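Rule-based calculations on the coordinates, nothing more; no lab input. Not measured: the values here are computed from a predicted model. So basically every Cβ, Gly included, is an ideal-geometry build from the backbone, and we count neighbours across all protein chains shown.
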Amino acid sequence: MKKKVILSGSTVTGDLTLGNYIGAMNNWKKLSKDYNCHYFLADLHALTTAQDPKKLQERIFSFFAQYLALGLDPEENTIFVQSHIHEHAELAWILTCLTPMGNLNRMTQFKEKSQHTSNINAGLFSYPVLMAADILLYSADLVPVGEDQRQHMELCRDIVVFFENRYGEGILKMPEAYIGKQGARVMSLQDPKKKMSKSDENEKNFVSILDTPKKIEKKIKSAQTDSDTVVSFDSENKTGLANLLTIYSVLSEKPIDDIVKDYEGRMYGHLKVDLAELVVETLTPIQSAYADYMKNKDYLEELMRKGAVKARVRAQETLKNVYKATGLVPRS
Ligand code: ATP
Ligand code: LTN
């Protein structure tokens, strides 16, 4: 039987955080065996916010190295850079012409992001259409994402319907979001009502996977928790603590109830010290693998090239069919 196709990506901004690792890459790794997985670096998406060109280019290499260091195997998966496959931008344009403004106006991520920037460009607004193109280009069956992307996935499915109404069925595959049960929403350390985000201006809000042990300890010890002292899991009233317990549970692969029992009669401080140690232990080998990859840019470039060659096969096929359906003349 043919394996189902999986596709997911992360925007090339900042460095990956514990939230990305727990909510995304850690799950991506586990899917490699049973699915035909495509993981990409969304560098075109990064352009929706102003980028320093030199830094962006460095970051693309750094992100690629972070993917590899987190354990994504380029032999088992197709790992590539979005802008290396020009079909993403081409399909995005066709889908943009099918997407009503009203649907984009409802996107809560756009509303949130546009409140915090003076650079409200058309790319920021139509970002979810590019995301839909990323997914539909590979005829992905499943899209592993965190909870924050649920609305964009719904829009992607709506876009398939708009396309089918105009051009007919059987050309684009209807994808489904694949949202993990635990860790789908790791929260900010200082403001546990919002999600941990790598482009957060306040770096105390997140743990980057490249943070030094000292920084990690400091950030976790100063994580916001309530004034109670009894360790228990209550995501409504003890959001900060619940977040720390979730991170602990995913990294230690121990059920939350067992962790709560271990801390019976002990203070939050003990849990924080142990969690910081666990995070450092998890990230140390990742950081050393990252440093090794970053020493060899030629090797990274070679892997980017190979990934693009593999990815392009599916992308070209879909775009050709879309061109035919829309009345454009497919490239010979
Ligand atoms: P940005 O701050 O640039 O918007 P981000 O940290 O939200 O970035 P993305 O690149 O948008 O990260 O997302 C990459 C993947 O990580 C997506 O699947 C997303 O759902 C997931 N993800 C991001 N933040 C979290 C989080 N706090 N908890 C769980 N999953 C997350
Ligand atoms: N918008 C996503 C990143 C992203 C993505 C995708 C995820 C861009 N294109 C396609 C899955 C599939 C985000 O997580 N912010």
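Worth a mention:
- Ellipsoid semi-axes for region 3-96, based on the Cα gyration tensor and the rule √(5λ), read 22, 18, 11 Å when sorted largest first.
- Separation of alpha-carbon centers, region 28-52 and region 114-156, rounded to whole Å: 12
- Across LYS29/LYS215; LYS30/LYS111; LYS113/LYS181, pairs whose alpha-carbon gap is larger than 31 Å: LYS30/LYS111
- Spin-label pair ASP34/SER227, simplified geometry with 7 Å Cα→Cβ offset, distance in nm: 4.7
- Zero-based 10 Å bins, Cα pair distances in region 102-218, whole percents: 12, 34, 33, 16, 5, 1
- Stretch gain in nm, segment ASP191-THR326, where the contour uses 0.36 nm per residue and the Cα spacing is subtracted: 43.9 nm
- 20 Å Cα-Cα reach of LYS3 towards aspartates and glutamates, excluding residues that sit fewer than 8 places from it in its own chain: ASP34, ASP73, GLU75, GLU76, ASP134, ASP141, GLU176, GLU317
- Using bins of 10 Å that start at zero, the share of Cα-Cα pairs per bin across region 46-115 amounts to 14, 31, 37, 18, 0, in whole %.
- Estimated 222 nm signal from helices in the chain, with DSSP H stretches of n ≥ 4 weighted -39500 (n - 2.57), rounded to 500: -16500 deg cm²/dmol
- Separation between Cα centres of region 182-207 and region 275-289, rounded to whole Å: 18
- Long-range HN-HN contacts of ILE209 with modeled amide H, under 5 Å: LEU16, THR17, LEU18
- Where the Cα pairs of the chain fall when distances are cut into 20 Å bins, in %: 30, 56, 13, 0
- DSSP bridge orientation in the chain - percent antiparallel, rounded to nearest 5: 10
- Ignoring lysines fewer than eight residues from LYS320 along the same chain, the ones with Cα atoms less than 16 angstrom from its Cα are LYS173.
- Residues of region 16-59 falling in the label zone of GLU253, defined by backbone nitrogen less than 12 Å from a point 7 Å along Cα to beta-carbon, are 30.
- In this calculation the C-beta distance from LYS173 to LYS204 is compared with R0 = 35 Å, giving a FRET efficiency of 0.25.
- For the chain, relative contact order (Cα pairs under 8 Å, six or more residues apart, normalised by length) works out to 23 percent.
- Within the shell of other residues whose beta carbon sits under 12 angstrom from the beta carbon of HIS86, the net charge comes to 0, with Lys and Arg scored +1 and Asp and Glu -1.
- Net charge of neighbours whose Cβ lies under 10 Å from the Cβ of VAL273, counting Lys and Arg as +1 and Asp and Glu as -1: -1
- Per the Kirkwood formula applied to alpha carbons, region 277-326 shows a radius of gyration over Rh ratio, Rg over Rh, of 1.33.
- Amide H contacts of PHE40: SER8, GLY9, SER10, PHE80, each under 5 Å away and 5 or more positions distant or on a separate chain (H built 1.01 Å from N in the peptide plane; Pro and chain starts excluded).
- Sequence-distant residues sharing a close amide H with LYS195 (under 5 Å, placed H): SER188
- Charges were assigned to the Cβ only: +1 to each Lys and Arg, -1 to each Asp and Glu. The resulting dipole of the chain about its Cα centre is roughly 680 debye.
- Annotation: extensible slack from THR212 through ALA122 equals 28.7 nm (criterion: 0.36 nm per residue apart, minus Cα-Cα distance).
- Aspartates and glutamates with Cα under 15 Å of LYS55, excluding same-chain neighbours fewer than 8 positions away: ASP15, ASP43
- Computed from backbone phi with θ = phi - 60° and the Karplus coefficients 6.51, -1.76 and 1.60, the 3J(HN,Hα) list for region 104-110 is 6, 4, 7, 5, 5, 5, 5 Hz; x is used for glycine and proline.
- Scaled against 2.2 N^0.38 Å for its residue count N, the alpha carbon radius of gyration of region 204-304 is 1.30.
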